[in-house]
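Read the structure below first, then the notes.
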Amino acid sequence: MNNLLSAIIPTFNEADNIAAAIDSLGFCDEIMVVDSFSEDETVEIAKQKNAIVHQRKYTGPADQKNWAIPKAKHEWVFILDADERVTPELQRELTTLLQNQEIPEDAFWIGRQSYFMGKKVNYSGWQKDKVVRLMRRDKCRYDNKQVHEEIDTSNIKVGMLHEKMIHYTYKSMDHFMSKMDRYAKWSAQDYLSKTSKVSWFHLNIKPAARFLKHYILQLGFLDGKVGYQISKIMAWGVRRRYEYLQEILRQSK
């Protein structure tokens, strides 16, 4: 007997992406879009694609997904961001897996092949990118982080799928910087309990170390100009995180 699959797509102003994201989930038995009151045509397009649409105020990525997971109709849940796509190869792997009567794992890691401004990124720290996206509805929840939230895997059995999904990360430099600035602001909240004072070291050495990590240690230079751009903006994002944290600490005094 096949295990049925529910899919969840969190959205906000994803009119450019939502149709293709839903189309890549055509093998799923239920598709839910959890929208944060988009101001474009995201909701209308999702409904035209016969997705179930819920709208809810956004307070954070983990909270949004944790709210949606219990509402899935089926035991197995697949979470897809609007800028991601399930490839035909991954679809076949998922379909084959769910045909098993018993699946010992509770969740599965899935690798991501990233594209930046239309160019495939092979290095720059993104080559080992993976996320837990296939999970049992009643056993898996996200940890309480504002940035880089992940499924809490401490008490569950997690497997790894062979095929990757596609991740269309950023459409332009402005898009990348805008998102990194938003992440930096959220990340400052996560770091509030770890850092009581922001120093020159945080604002200068840590960003430089992040650049070297992506560009040298993680072979960003092999991605050419794109690798340099990714490394530079990732470093800038670290500096912005501590600038936001510095402002929070200043206001709290």
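Only the coordinates and a few stated rules stand behind these numbers; no lab work does. All of these numbers come straight from a predicted model, not from anything done at the bench. Note that we place each Cβ from the backbone using ideal geometry, even for glycine, and neighbour counts take in every protein chain shown.
Odds and ends about this structure:
- Computed as a quarter of the hull surface, the mean projected area of the alpha carbon convex hull for region 5-170 stands at 9.4 nm².
- Cα lying deepest toward the dipole's positive end in region 173-252, options 176, 195, 244, charges on Cβ: 195
- Burial ordering of 153, 96, fewest other beta-carbon atoms within 10 Å first: 96, 153
- Cα gyration tensor shape for region 173-252, rounded if a/c is under 1.5, else prolate or oblate: prolate
- The Cβ shell under 13 Å around residue 41 holds other residues with a net charge of -4, Lys and Arg each +1, Asp and Glu each -1.
- Measuring between alpha carbons in the structure, the pairs from 73/179; 197/232; 185/213; 47/130; 171/194 lying more than 27 angstrom apart are 73/179; 47/130; 171/194.
- Amide hydrogen neighbours beyond the local backbone of residue 109, cut-off 5 Å, H modeled: 159, 160, 161
- Phi-derived couplings, Karplus 6.51 cos²θ - 1.76 cosθ + 1.60 at θ = phi - 60°, listed residue by residue for region 176-184: 4, 5, 4, 5, 5, 5, 5, 4, 4 Hz, with x used for Gly and Pro.
- In sequence order, calculated HN-Hα J values of region 194-203 (Karplus, 6.51, -1.76, 1.60; Hz; x Gly/Pro): 9, 10, 8, 8, 9, 10, 4, 4, 5, 7
- Projecting the Cα atoms of 18, 127, 34 onto the dipole axis of region 5-170, where Lys and Arg carry +1 and Asp and Glu carry -1 at the beta carbon, places 127 farthest toward the positive end.
- Cα-centred dipole magnitude for the chain, charges only on beta-carbon of K, R (+1) and D, E (-1), debye, nearest 20: 1220
- Between 0 and 90°, nearest 10: helix 225-252 axis offset from the chain longest Cα axis: 70
- The GluC sites (Glu not before Pro) of region 125-217 meeting both criteria, a DSSP state outside H, G, I, E and B (loop) and at most 15 other C-beta atoms within 10 angstrom of the site's C-beta, are 150.
- Least to most buried among 214, 54, 162 (fewest other Cβ within 10 Å first): 162, 54, 214
- Shape metrics for region 75-205, restricted to C-alpha atoms - Rg then Dmax, Å: 17.4, 57
- Taking a ≥ b ≥ c as the square roots of the eigenvalues of the Cα gyration tensor, region 124-195 is oblate, since a/c reaches 1.5 or more and a/b is not larger than b/c.
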